[in-house]
Each structure stands twice: as structure tokens, then as C-alpha cells.
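To start, the structure itself, in C-alpha cells.
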Amino acid sequence: MKQLPEKYVRLLKLPVFVACLGPAFVLTWKGFHHLLGANPIDVITRTTGRWTLTFLLITLSVTPVRRITTMAWLIRFRRMLGLFAFFYGSLHLMTYVWLDKFFDVHEMLHDIAKRRFITAGMTAFVLMLPLALTSTTGWIRRLGGKRWQKLHRLIYFSAAAGVVHFIWLVKADLRRPLTYGAVLLLLIVYRVFLWIRGRLNSRPAAVQEAVRT
Amino acid sequence: MAGGYYLRNHLDGGDTVQAGGAKLSGIVKSPFSTNETQTSLQDITNYNNYYEFSTDKYEPNGLSKNFRTRPWTVAIDGMVKKRKKLDIDTIMKLAPLEERIYRMRCVEGWSMVIPWIGFPLNVLIKQAEPLAKAKYVAFETIMAPDQMPNQRSREVLDWPYVEGLRMDEAMHPLAILAVGLYDDVLPPVDGAPLRLIVPWKYGFKGIKAIVKISFTDSMPPTTWNKMAPNEYGFYSNVNPQKDHPRWSQAMERRIGEFRKRPTLMFNGYGDQVASLYTGMDLQKNY
């Protein structure tokens, strides 16, 4: 299915959207049925945090998967996936602002300045903001494809800050955060590989010839 | 079962042995107990750090269900008149069992109110007859990788788990060895058959499944301190003024409550224990 007719892409969007809402739905359902255990706020914080990172990594995987499978239509889902990363990130931040700090601005500023894992988490969120805001077709047009793409490379930094945030908050046993880190690294290495290959291929034939000999 | 000896002595008339354990009888109330609302048994047993089983607080209860607590002996070691091994059933009869309803403050910022059943640690220490030069008490958890999955990996913590107290802290009447919870025998998830409770310190000082208690003249190593010395000190007294480097310790979430409440110095046991630390800089000796 290298090509997918437009109407199928449109048809697929709804089930994908619903699936992406799944984690939030499960969390809400469990919350109303008292199934979140002894410390529901802790569960909400961790779940939304993990899904933010997961969606960031899924979003970043779209291009490699698209290239490897040559299923070009996958790109049509990237914006939605990225916005879901932002959605879960916003829920995660709201849990902190509301349920953890109860809107105590002074306490939060103190936290951001002093606690490095909060600093990293806040950085990850702030880096997502311009991406979410400029995710519309109008903004792509206004910025121009090249500039827009450049700006949206911020997602790597956001994901990296997210992984660091996770590593820094764990008390012991880094296996889980490092798994996210490894996936991110793999995705970055793939991008670097493409970039180097692109550079080599774009050189004039004469130069390439010279390099070879 | 090997615990029959103990069951004969402590079982209620009804002989009810429940899945969770056996009812303990002859429990005395204690003036040290708090009258705050107690955390439910469900929450106590299902939200708990027991890294030997899992680093997830929700998992140890299921993973520890079949943990063998009999036969069980505790080695009394180090600077004592005579080294020996005490059987758990002997230990349980060293003193009348008391109910101690204590606040428990976890270093992660949550707290509970838990009705432990146990006896003062100083009873066992007197029984052990430490030498005058002994200044510290060191505790060690069982090494049982066949039963404790995370002990098969050094990535989690440096096993076995070890903890320690200064002798005067250990002799303090608030420090207890717990063998029960909510009138029942201690469930495996909470450190059966024998664990330490020091209510004015962060929860991780309360070492579980103790197999060795030794006496020494130098400060013994403690697991979390070895892991991250700048985050966890030897004393680890509850102190809202001394932040953990990664989070504030000023507030805590009492399990079952929505809003956070302020954390109290020495977890609210300052009147009884503050004198142990007179003249010490608690910002440095955290």
C-alpha cells in the first residue's frame, strides 16, 4: 500500500484519532471507578508523562517508517500524532500545576529554578509550544516549508529534554527511562545517517568522483 | 508449618488463619499511638516500595504473596557478648506485642498512618547484650534472589539492603521491630516476618525482612546512602527544611487526601526525639 487514495486516508483518521485518545479515556474511566490505586494523582502524573514521551517518539518515527516502507501516506498522520504528544504533555503539566502545586506560582517558579528534573520537563513542554501553535497549514504557508521544517526540528530537543526529565526523576533503576532514550537515539542516528547520505549525493558528480579516487 | 509454635501462642480463640496471615492476640495499646485516621490495609499493602520485588509501588504485593517467612532466624552479630541466632518465634515472644499507630512519611513525598504491631527495638538490643564500645546498630535484609526477582539484578540496588541506626536512636522507645499490621501477622509485602520502624525518619530507614542485626563502633553503610550520598544521608530524619536535591520535602500527600499537607519536623515526633540531635547541624547531617 505505497499509495493510499485520499478518501481512505480521511477514513483512517477517525479511528487513529480515537485510538490516540485511548490512554486518556482509560485514565478517566479508572479515575471515576476508583481504580487508580492509593495515589491517583501519582498515577495520572506518570501515565500522562509516559504517553507524552511515547507520542513524541511515535511522531518522530513517522518519517523513518515512511521511508523504509515507502508508505508515503503515513505523513498525513504526523501532525495528529504530534498534537497528541502536546495534548498529553499539557495534561501532564496541568496535573503538576493543579493537583501537585495547586496553582502556587511562587512554589512552581522555585521548583523550576531549583529542581533540575522540573527544569528539564518544563523545557520539554515549552519547546513543544511553538510546534503546536505553528502546526496549521496556514502557518506552514506563512513560514515557508523550509523555515517551518527548521523550526519543527525543535521536537528532537523537546524529546531529549523529556528523556532527561525522566532519567533525573527516577530514584534507582534507570532501565525504563533509558529505553526511551535508546529509541530516541536510534531515531536521531537514522536522521544523521540520512543527512550524511544526502550531503554526499548532492555533491556534483566531479567532486564525488574525486572523493572516490 | 514451622510457625505452628507461634500460632499456638498467638492465635485468637477462633483459630482463624486467613489468607493474609493469622490474627495476633494479646495486643496492648500504646500511648505513642496517634489518633489520626488510619490508612486502609488495601492502600498500605498495595502502595509500597519494596525494591527487592519491584521498583513499582503497585507490584510488590502480588509478587511477594508466596514469600517464605518460616523457618526464619535472625543473626545477632558483631560487638556483642555472645553471637547467636534467634528464631523468629522466639523473637515474637521477647515482649508483649503492642499496637503502634504511627505516621509514615516516605522520602518521595507521600505519607500514611499505619497501625503496626511490634515491640521496642531496645528489648531485642538488651537481649543481644552489646559491648560498651558498640555505637551503632546495623541491619540486613535477607538475600533470596530465588524469591525476590530484583535481587537478581545489580542495576536496581546494591543487595542485600542494609540500614543502620546510632545506638541512642535504636534504644529510643519509639523505634520498634514490627511483626504485625492491623492485628494480623505482617504480610510479606510489608517486610514479614520482621521489620524496623523508626517513625521520625523517612520510610526507607524501615528495613524489611531482617536476617541480621549487628553492633559496631563505626557508622554502618546504608543502601540508599551508597546509591546517592547527596540525596540520602545516614540519619534521614524527616525534615521539611532540608530539601531532597530533586524535590521539596516541605509538603506531603497523605494517602487518601486530595490536597497536600505540610510535613512536620521529625514527622511530628520532635517532642520525643529532637534531643537526640542537640547541637547537630541537621542541614549537614541529613
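The values are calculated or read from the model by the stated rules, or taken from the named source; none is laboratory data. All of these numbers come straight from a predicted model, not from anything done at the bench. Neighbour counts are summed over all protein chains in view; Cβ atoms, including those assigned to glycine, are modelled from backbone coordinates with ideal geometry.
At a glance:
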quantity	calculated
When residues of region A:91-116 are limited to those that are free of Cβ contacts under 8 Å to residues at least 12 places away in the same chain and under 18 Å from A:T28 (Cα atoms), the one nearest to the other protein chains (Cβ to nearest Cβ)	A:W98
Subset of region B:233-256 (residues that are in a loop (DSSP other than H, G, I, E, B) and in contact with a strand residue (DSSP E or B) (Cβ under 8 Å, 6 or more places away or on another chain))	B:F234, B:Y235, B:S236, B:V238, B:P240, B:A250, B:I255
Filtered residues of region B:200-212 (kept if in contact with a Phe, Trp or Tyr (Cβ under 6 Å, 6 or more places away or on another chain) and under 27 Å from B:K65 (Cβ atoms))	B:F204, B:I207, B:I210
Test: residue in region B:88-103 that is buried (at least 17 other Cβ atoms within 10 Å of the Cβ) and within 24 Å of A:I41 (Cβ to Cβ)	yes
Boolean, A:R10 is within 14 Å of chain B (Cβ to nearest Cβ) and not hydrophobic (A, V, I, L, M, F, W, C)	no
Every residue from region B:136-173 that is closer than 14 Å to B:N225 by Cβ and assigned to a helix (DSSP H, G or I)	none
Residue satisfying condition, being surrounded by fewer than 16 Cβ atoms within 10 Å (Cβ to Cβ) and modelled with pLDDT of 90 or more, within set B:G62, B:G78	B:G62
Residue count for region A:1-36, restricted to those that are out of contact with any Lys or Arg (no Cβ under 8 Å at 6 or more places or on another chain) and within 30 Å of B:I255 (Cα to Cα)	15
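Here is a yes/no grid of residues against (1) in contact with a Phe, Trp or Tyr (Cβ under 7 Å, 6 or more places away or on another chain); (2) part of a helix (DSSP H, G or I); (3) away from chain B (no Cβ under 14 Å); (4) at pLDDT 95 or above:
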position	(1), (2), (3), (4)
A:F157	no, yes, yes, yes
A:A161	no, yes, yes, yes
A:H165	yes, yes, no, yes
A:R176	no, yes, no, no
A:L184	no, yes, yes, yes
A:W195	no, yes, yes, no
A:G198	no, yes, yes, no
A:E209	no, yes, yes, no
